[in-house]
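**Student:** Structure in structure tokens, see below.
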Amino acid sequence: MTLAADDLFTSPTTFMGIPSGRPEAGCKAAILGVPFDCGIHPFRVGCRQGPDAVRAQSALIRRFNPTYADFDPVSLLGAVDCGNVRLTPSRILDAFNRIEKAAWRIVETGAVPIGIGGDGSISVPLARATARRHKDLVALHIDSHTDAYTYDPNDKYNAATQFTHIAEEKLIDASSSWHIGIRGSTYAQGVLQQTRGLGYRVLSLDDLMRRGFGQTIAEFADQAAGLPVYLCFDMDVFDPSVAPGVASPTWGGLTAREGIDLVRTLTGLNVVAIDVNTISPPHDVNNMAAHLCAHMIYEMMVLLCRQRGLGA
């Protein structure tokens, strides 16, 4: 039996098996793995392994959802998987420089970068790249923590201060940017006052559940008023019962069903960049968090199709 050359070698593992490569004309979205964490969490270091774990679990995600989105978002978006940024975790400034340059390669083509983290600090270089093209950028940060805490000037970057830097660098309009889903305990007093002092609006998870997803996002959409939106989705907004493998698990979070419903309410927004972060495979249980993360990225690709009038 004669085998063609292509039958002798496996292809690189990509998200949902999409083509590996760089965005070209017609590409509307590109996956970018960001295998980085600052390496300074006191006892849960491991988010640097997140992108590969999410890609592996994405093999379980099918492209058609006959009850919600009976179309192939991967093909409609012309999506590609750019692979991982080549970096050394814990070399923070060098890694940020590399992440920003890699993200810019996507942003400058007009495609939407979909970053897979990595810890939450990756939002800084990704937002830097996005803000170079979108000058009126606003942020929607879905998380159990605001990650907008006061930082030590001698230890400037970590996974709890990225939205402080993003506001101080004026990468976004903080006064039109929201943190939603906030809950749980903190190491210091006054973190919500610090976040609001930067201009952000903060809605706790209790606020979100009382108001409802539709009403909350409709109000954000009115304030954003068609402006380009940076969507940051931290997987610890989910309850640890459904996403145990995250950097900072906090009880009382969203169920998988609720998280999916929340993302589906974002259709009216002009999302121009996405990052999904804090998957920590060494702390996961049966790949639950990585699998759920892969599904959430699929939902976000469906969201991008709906925003662009693609699909049924």
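**Student:** Mind checking which residues of segment 226-272 are without any contact (Cβ under 8 Å) to a residue 40 or more places away in the chain and aliphatic (A, V, I, L, M)?
**Tutor:** If the condition is that a residue be without any contact (Cβ under 8 Å) to a residue 40 or more places away in the chain and aliphatic (A, V, I, L, M), then Ala256, Ile260 are the ones that fit.
**Student:** Search segment 32-46 for residues being of a type outside the set (Gly, Ala, Ser) and closer than 19 Å to Val85 by Cβ, and hand back the single one that is most open to solvent (accessible area, probe 1.4 Å).
**Tutor:** From segment 32-46, those of a type outside the set (Gly, Ala, Ser) are 32, 34-38, 40-45; that's our starting set.
Filter once more, so that each one left must be closer than 19 Å to Val85 by Cβ: 32, 34-38, 45.
On the way: Leu32: 7, Val34: 0, Pro35: 23, Phe36: 0, Asp37: 7, Cys38: 6, Val45: 60 Å².
Per the stated criteria, the residue is Val45.
**Student:** Which ones in segment 169-193 are closer than 22 Å to Phe233 by Cβ, open to solvent by 50 Å² or more (accessible area, probe 1.4 Å) and either outside any loop (DSSP other than H, G, I, E, B) or touching an Asp or Glu at 6+ places or on another chain (Cβ under 6 Å) (or both)? It would help to see each step written out before you state the result.
**Tutor:** The first filter runs over segment 169-193 and keeps only residues closer than 22 Å to Phe233 by Cβ, leaving 169, 171-186, 191-192.
Imposing the further condition that a residue be open to solvent by 50 Å² or more (accessible area, probe 1.4 Å) reduces the set to 169, 173, 175, 184-186, 192.
The answer is Ser175, Leu192.
**Student:** Go through Phe233, Phe213 for me and flag whichever is within 28 Å of Gly39 (Cβ to Cβ) and of a type in the set (Phe, Trp, Tyr).
**Tutor:** Phe233
**Student:** Among Leu87, Leu60, Leu126, Leu77, which is at pLDDT 95 or above, among the hydrophobic types (A, V, I, L, M, F, W, C) and surrounded by fewer than 18 Cβ atoms within 10 Å (Cβ to Cβ)?
**Tutor:** On the way: Leu87 fails: surrounded by fewer than 18 Cβ atoms within 10 Å (Cβ to Cβ); Leu126 fails: surrounded by fewer than 18 Cβ atoms within 10 Å (Cβ to Cβ); Leu77 fails: surrounded by fewer than 18 Cβ atoms within 10 Å (Cβ to Cβ).
Only one candidate passes the filter, namely Leu60.
**Student:** Then there is this: Does segment 186-220 hold any residues that are touching a residue at least 40 places away in the same chain (Cβ under 8 Å) and among the small types (Gly, Ala, Ser), and which are they?
**Tutor:** Residues satisfying the conditions are Gly214, Ala218.
**Student:** Identify the single condition in (1) within 19 Å of the chain's Cα centre (by Cα); (2) under 18 Å from Ala289 (Cα atoms) that Ala30 does not satisfy, given that it satisfies every other one.
**Tutor:** (2)
The values are calculated or read from the model by the stated rules, or taken from the named source; none is laboratory data. All figures in this text were calculated on a predicted structure; none of them were measured in a lab. Because the Cβ atoms are built from the backbone with ideal geometry, glycine has one as well, and the counts that use them run over all protein chains shown. Side chains are part of the model used for accessible areas, which takes the heavy atoms of the whole protein and leaves out ligands, DNA and RNA. Shrake-Rupley method; radii C 1.70, N 1.55, O 1.52, S 1.80 Å.
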